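Engineer: Take a look at the following structure, please.
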Amino acid sequence: MAYENAASRLQEIINISKTTAGYLVDWDGCCALGNTLTPEAAAFLRAHQDRVAIVSNNSTCTQEDFQEILERDEIRLPRDKIRLAGIEALHRATQFDKGDTMVLGDPHMRGVARKLGLGLTQEDANVVVLLRDRRFTYRRLERAVNALAKGAHLIVANPDLTHPAQDGGLKPETGSLLAAIRACVELDATKIDIVGKPSPLMFHEGCRTLGLPPEKVTMLGDNPATDIAGARALGMQAILTSARSPDVFEALMGVDAR
């Protein structure tokens, strides 16, 4: 039975690859663990540099950070083919009045926010941007929920609760911090934008950078609720894979070699 399932899965991958002109690829838990690429994912990305875009809910890194990681494995992707939810969330904030923005995130990302022209504040914000904040505290939570209770607009990088850690454990994600905020304020009555997958924005941006319609693109990801469901809602093909079980990347490389 296991053999039949493996053979059926391989045939599904072969069938999808024949109708795919480009790939959108997730990062954490799919290609990489702890920002370290798996050998199989690295080989796939290297072979498909001209028709792949990374579409990640990552909210602690910039495109330049990703390019540095990729170049260690001789993978060179232009910035526009690396779509990151954290960067997209900060760009979304620039569409509002650029003053009085609270960014819950790493210092690295707050620096990016300043470079984008956002005026950062810790009190009485008009816009709250929620990223994965590894220095999240009670005081930051208190300031954020009070700003939202007064009518601030909330921009959330992604709804993920966790992502896989390199040591086999779990890393709390932006969605876990959103759960803390949700416990304090009624989000149904809050102006809120969720930028990352499964929202359509990231998928559309990835397809745009490839110059392809969604029906010609396949999404590779490890999260059924964000990567797979989000892609299929737009008419994209999608394949579930994992950095810990890189059989899909191996199979796709095998298809290419046929």
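The values are calculated or read from the model by the stated rules, or taken from the named source; none is laboratory data. Keep in mind the model is a prediction, meaning the values are calculated, not measured. In this analysis, Cβ positions are derived from the backbone assuming ideal geometry, glycine residues included, and neighbour counts consider all displayed protein chains.
Engineer: Let me spell it out: the conditions are (1) assigned to a loop (DSSP other than H, G, I, E, B); (2) without any contact (Cβ under 8 Å) to a residue 12 or more places away in the chain, and ASP188 meets all of them except one. Which number is the exception?
Structural biologist: For ASP188, the failing item is (1).
Engineer: Does ILE181 satisfy the criteria of being on the phi < 0 side of the Ramachandran plot, surrounded by 15 or more Cβ atoms within 10 Å (Cβ to Cβ) and part of a strand (DSSP E or B)? Show your work before the answer.
Structural biologist: Values: on the phi < 0 side of the Ramachandran plot: yes; surrounded by 15 or more Cβ atoms within 10 Å (Cβ to Cβ): yes; part of a strand (DSSP E or B): no.
Criteria not met by ILE181.
Engineer: While we're here: If ASN15 passes every condition in (1) outside any helix (DSSP H, G or I); (2) more than 14 Å from LEU77 (Cα to Cα) but one, which one does it miss?
Structural biologist: Single failed check for ASN15: (1).
Engineer: Please work out which one of (1) in contact with a strand residue (DSSP E or B) (Cβ under 6 Å, 6 or more places away or on another chain); (2) farther than 14 Å from LEU201 by Cβ is the condition ALA89 fails and give its number.
Structural biologist: Of everything listed in (1) in contact with a strand residue (DSSP E or B) (Cβ under 6 Å, 6 or more places away or on another chain); (2) farther than 14 Å from LEU201 by Cβ, ALA89 misses just condition (2).
Engineer: Determine if the stretch 126-141 includes at least one residue that is out of contact with any Phe, Trp or Tyr (no Cβ under 9 Å at 6 or more places or on another chain), under 10 Å from THR101 (Cα atoms), polar (S, T, N, Q) and assigned by TED's automatic domain parsing to the domain that holds ALA180. Talk me through it step by step, then tell me what you get.
Structural biologist: Step one: filter the stretch 126-141 for residues out of contact with any Phe, Trp or Tyr (no Cβ under 9 Å at 6 or more places or on another chain), giving 128-141.
Filter again for under 10 Å from THR101 (Cα atoms), leaving 128-129.
Now restrict to residues that are polar (S, T, N, Q): none.
There is no residue in the stretch 126-141 that is out of contact with any Phe, Trp or Tyr (no Cβ under 9 Å at 6 or more places or on another chain), under 10 Å from THR101 (Cα atoms), polar (S, T, N, Q) and assigned by TED's automatic domain parsing to the domain that holds ALA180.
Engineer: Return the pair list, or none, for Cβ contacts closer than 9 Å from residues in the stretch 228-240 that are farther than 13 Å from TYR23 by Cα to residues that are buried (at least 21 other Cβ atoms within 10 Å of the Cβ) and of a type in the set (Lys, Arg), at least 6 apart or on different chains.
Structural biologist: From residues that are farther than 13 Å from TYR23 by Cα, the pairs are ALA229/LYS197; GLY230/LYS197.
Engineer: A follow-up question, please. Is there a residue in the stretch 21-41 that is β-branched (Val, Ile, Thr), in a helix (DSSP H, G or I) and either surrounded by fewer than 20 Cβ atoms within 10 Å (Cβ to Cβ) or touching a His at 6+ places or on another chain (Cβ under 6 Å) (or both)? Spell out the reasoning first.
Structural biologist: Here is the first cut: in the stretch 21-41, the ones β-branched (Val, Ile, Thr) are 25, 36, 38.
Retained after the next criterion (residues that are in a helix (DSSP H, G or I)): none.
No, the stretch 21-41 has no match at all.
Engineer: A follow-up question, please. Restricting to the stretch 52-72, what's the tally of residues that are more than 23 Å from ARG110 (Cβ to Cβ) and either in a loop (DSSP other than H, G, I, E, B) or modelled with pLDDT under 95 (or both)?
Structural biologist: 1
Engineer: Shifting gears a bit: Pairs, please: C-beta under 9 Å, at least 6 apart or cross-chain, first residue at pLDDT 90 or above and in the stretch 157-174, second of a type in the set (Phe, Trp, Tyr)?
Structural biologist: Matching pairs, first to second residue: PRO172/PHE136.
Engineer: Scanning the stretch 110-157 for residues that are more than 18 Å from GLN95 (Cα to Cα) and either within 18 Å of the chain's Cα centre (by Cα) or aromatic (Phe, Trp, Tyr) (or both), which turns out surrounded by the most Cβ atoms within 10 Å (Cβ to Cβ)?
Structural biologist: Top of the filtered list is ARG132.
Engineer: Among the residues of the stretch 188-214, how many are in contact with a strand residue (DSSP E or B) (Cβ under 9 Å, 6 or more places away or on another chain), exposed (fewer than 15 other Cβ atoms within 10 Å of the Cβ) and modelled with pLDDT under 95?
Structural biologist: Going through the stretch 188-214 one residue at a time, the tally reaches 1.
Engineer: If ASP193 satisfies every condition in (1) assigned to a strand (DSSP E or B); (2) charged (D, E, K, R); (3) farther than 30 Å from MET236 by Cα but one, which is the exception?
Structural biologist: Looking at each condition in turn, ASP193 falls short on (3).
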